[in-house]
Amino acid sequence: MISLQLKALVTPCLGALLLASAPADATQVSWLFSGNLTVASGSDLPSTIQVGDSFSAILHFDSSTPLNVGAFNQANCLPNNGGPNSICHHDGAPLSSQYWSDVTVNGVNYGMVPSLGPPAQTFNVINVRNNTPEPDPQEPAGTIDGYAFQTEQCFGQCGEGDVDAYVAVVIHGLDLSLVTDARLLPVSPSPSMNTARTREWDVCRGVLDVNGVNNCEFVDVQGVFSSVAQVPEPTTFALLGVGLAGLGLRRKARALTR
C-alpha cells in the first residue's frame, strides 16, 4: 500500500494533467491561511506534528469557475439564483481550478496536498452560502454566509474500504456579509473571514466506510485559522498543475454543516 506519511500526502503529482486542463480564461487567485492546529492524530502522522503547532497553507482557485448546471436549478443556486438565502455548488470544476501549495507546519513545508497519485480519482467542489438559513444551537434564527473548498482523491470505486484523502477549508459566519453574490467566487477575502464563526482547515487520510465516510485513520489534522489574506500568484504559475486535483464535498457533509 502507498506510504501514508503526511509528507507522502503532500508530494506533487498530476502536473501534466492539470496544466493541460487549465482554462484559457482562468482567473487564478490565491489565499494564504494561517493559524494553529486543534487536532493532530493518525497512525501515520509524523510525531513532530502536535496540537497547538502553527500552520499555513495557500489555496489557489479559479474565481471564474462556472457553476455546474444540472443538480440544482439553472443557476445552481438555491433558491434565488445567488441572491440572499441562497446556496450554490461549483461541482465538477476542472482539475486546474483548485489546488493547495506551501502547506507548512512549524516552518516545515510539506508541499502540496493531497497526492495519492494515479490511478486515484479526483474531485473538486466549492460550496458558497449567501444568507442561507441554517439551524444553530446558539442562534436558531441565524443565517449562514460562507464558503467551503475541498480537494479529494480516492482509489478504486470510491467505495467501502478504498483509501481516500482530502483537504478542506470551511468559512462560515452568521450573516457577516462574507458573500455578496453566491454565484461568484471572491478574488479578495473579506476581512470578516478572519473572525467568522467557523474557520477550519482539515487534512484527512483514511479508509471509506460503507456510507462513504472517511475515518481519517492514517492522517487527521485540523486547525483553526486566524488569518486569511490574498497573496500574489507565484511566478511559477505555469506549474500550476504540479499540485493536485479535485475535491469532493459530496461525502463530506460534516464539513459543510459545521
message = How far apart, in nanometres, would the label points at Asp162 and Leu32 be if each is projected 7 angstrom from Cα along the Cα-to-Cβ direction?
response = 3.7 nm
task = Starting with the highest mean, order 183-189, 162-168 by the number of other Cβ atoms within 10 Å, averaged over the residues of each peptide.
result = 162-168, 183-189
request  = Calculate, in nm to one decimal, what Ser177 and Ser43 gain on full extension: separation in residues at 0.36 nm each, minus their alpha carbon distance.
outcome  = 44.2 nm
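Hey, can you rank 42-53, 214-225 by average C-beta count inside 10 Å, highest first? Present the calculation step by step, with values, prior to reporting the outcome.
On the way: 42-53: 14.3, 214-225: 20.9.
Ranking, from highest mean packing down: 214-225, 42-53.
Every number in this text was worked out from the coordinates using simple rules, so none of it is lab data. Everything numeric in this text was worked out from a predicted model, so none of it was measured. Neighbour counts are summed over all protein chains in view; Cβ atoms, including those assigned to glycine, are modelled from backbone coordinates with ideal geometry.
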